[in-house]
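Visitor: Quick one: the structure is below, questions incoming.
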Amino acid sequence: MSHCSLENQNPNLWLKDDLSINHIVRAAIRRRSLLKTPESKTHKLDFPKNDFSSFISDEILLNILSKNTDKSQRDANCLVSKRWLCVQGRVVRSVKVLDWDFLISGRMFLRFPNLTHVDLLCASVVSGSSALNPSVYIGRELGCIGVSGDEFLCDDGDVVLPVEEVDFGLKVLSSVYPNLRRLVVVNCSELGLLSVAEECVTMQELVLHMCNDSVLIGIAAFSNLQILKIVGVVDGVYKSLVSDRGLIILAQGCKRLVKLELRGCEGGYEGIKAIGECCQMLEELTFCDHRMDDGWLSGISYCENLKTLRFVSCKGIDRNCEVDEILGVCPMLERLHLEKCQLRDKQSVRGLFVVCQNVMEVVFEKCWGLNDAVFFNASLCRRLRFVSIEGCSRLTTQGLETVVLSWKELESLTVISCKNIKDDEVTPMLSALFSDLKDFKWCPGNMSDLSTRLSSSDMGRRGGKFFKRYHQQIIQIRDTGWENLKAATTTSSVVKPNRFDSSTPQWLTRNRS
């Protein structure tokens, strides 16, 4: 006979201790009696038995929640009920994924079914145990991402997911979100991009980290791409090669580009020329920490419809700009922005202003090496109307005046944190020019800016009485001695030393010697 049949015939075999069973029964009865409260002692509250929002259809509730643009309120809406959580997820259009398993497991598709902007940057970084105790933070280009020291200092430098895993994630993502318009991805291949291009026909913006020439082969499949950012090198994290070959493939494939940013990319004249000739709709071009070959600057003149040119964190412009006639001119260029660039080479800066001589707006922000001789090349731009200079410490008042007086159409001037530009060195002619400007901001020195901010507050005056009295007592100690001061004042704020040989404290005696 089986063990189960024995238990069925003798159901009391498993009740080995009657006392324990009685204890369990009494405890259950006691809990039930505690839950039941007398009706005379309870106060009935007029809560609705049903949720009033349950009478509203999902479509109407979705329309109501979509009108709310406050992020904190959207987060609070998700806590109302599971139904509100699901409906609020249908409103969300942009997501920054932090966990790769959230994408692969399918939870992301159930939680946010209507996404159009997806950022996979943080999820692609191999964090391991760094989420609990990160020792290295990758910032700026990759955002604030914590990586453990062992992973960051490993020999192969694999701080991102493998290519095969990223491609599989892109294939799953594109099959669920065919209306995807913006995508940020790291370390993918051309096959992963092709799978996205086949499914997401309306893709408009693409950010490719750890990109190389072979990856750009898949770019040609994005026929409607308008904004593209390529990151080839991030110092200390990864390094990939983007040369003229990749730039030519990019130019021939993405002919509807409007904005293009090249960060840490190599190349030269041929690649920039191909972009100018093929991408006729290009209006904004950004170079960040570029590693271009000598002579590449002359290719900018082929961008006939370019309106904005930016240089960010560049160690130089072009070391081979000797003949102005070869460089050419961008006819439609309106804005030139230079941010955190090294402008020590006078000849390369002159070549840049020759190409950009038709601009109407120039911005210098925290540029190194911008002295009077280098800044004089800006006088080639005769149509300037808006000029901003910030954080350029080597520029002087005389150098500024020489160039500013040559700009006859100037309407706006901003000078901030330039310590060699002095208020007392401004000439009457320069002052008259300032008075004719429509927009004028003048705060060249850091000290003047700081004093202006502190003048409206009480900082610097709150402890004045204490320090004044303390200073007077120190002078009296030096002149009359410690014992005389102690006898003259009943309460002294100066603490008496524990050990001294004479009437003068030892620390004053040591200072005298």
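Visitor: Please report the relative contact order for segment 247-291, taking Cα pairs under 8 Å with a sequence separation of at least 6, and give it as a percent rounded to a whole number.
Guide: The normalised contact order for segment 247-291 reaches 54 percent.
Visitor: Another question, then. Carbon and sulfur atoms: what percent of the 1.4 Å accessible area of segment 188-273 do they account for?
Guide: 49 percent
Visitor: Could you state the number of Å between the C-alpha centres of segment 213-272 and segment 177-191?
Guide: 15 Å
Visitor: Just to make sure I understand: if all protein chains stay in place, what is the order of Thr286, Thr402, Thr396 by accessible area at 1.4 Å, largest first?
Guide: Largest to smallest exposure gives the sequence Thr402, Thr396, Thr286.
Visitor: Here's a follow-up. How would Ile326, Ile421, Ile227 rank on accessible area, largest to smallest, probe 1.4 Å?
Guide: Reading off the accessible areas and sorting them downward yields Ile326, Ile227, Ile421.
Visitor: Round to the nearest 0.05 the FRET efficiency obtained for Phe102 and Met332 when R0 = 56 Å and r is the Cβ-Cβ distance.
Guide: About 0.80, to the nearest 0.05.
Visitor: Let me ask something else about it. Where in segment 367-399 does the amide nitrogen come within less than 14 Å of the point 7 Å from the Cα of Thr427, taken along Cα to Cβ?
Guide: The answer is 397-399, whose backbone nitrogens lie closer than 14 Å to the label point.
Visitor: Sticking with this one: Sum up the charges of everything whose Cβ sits under 9 Å from the Cβ of Ser195, counting Lys and Arg as +1 and Asp and Glu as -1, but leave Ser195 out.
Guide: Its environment carries a net charge of -2.
Visitor: Which distance in Å, rounded to a whole number, links the C-alpha centroids of segment 93-114 and segment 345-414?
Guide: Cα centroid of segment 93-114 versus Cα centroid of segment 345-414: 48 Å apart.
Visitor: With a 1.4 Å probe and all protein chains kept in place, how do Arg394, Arg385 rank by accessible area, largest first?
Guide: The ordering from most to least exposed comes out as Arg394, Arg385.
Visitor: Need one word for segment 192-312: rounded, prolate or oblate. Basis is the Cα gyration tensor (sqrt eigenvalues a ≥ b ≥ c); a/c below 1.5 gives rounded, then a/b vs b/c decides.
Guide: Since a/c reaches 1.5 but b/c is at least a/b, the shape of segment 192-312 is classed as oblate.
The values are calculated or read from the model by the stated rules, or taken from the named source; none is laboratory data. Keep in mind that this is a model prediction, so the values were computed, not measured. For neighbour counting, all protein chains shown are included, and Cβ atoms are generated from backbone atoms with ideal geometry for every residue, glycine included. Heads up: the accessible areas ignore ligands, DNA and RNA and are worked out on the full protein's heavy atoms, side chains in. Shrake-Rupley method; radii C 1.70, N 1.55, O 1.52, S 1.80 Å.
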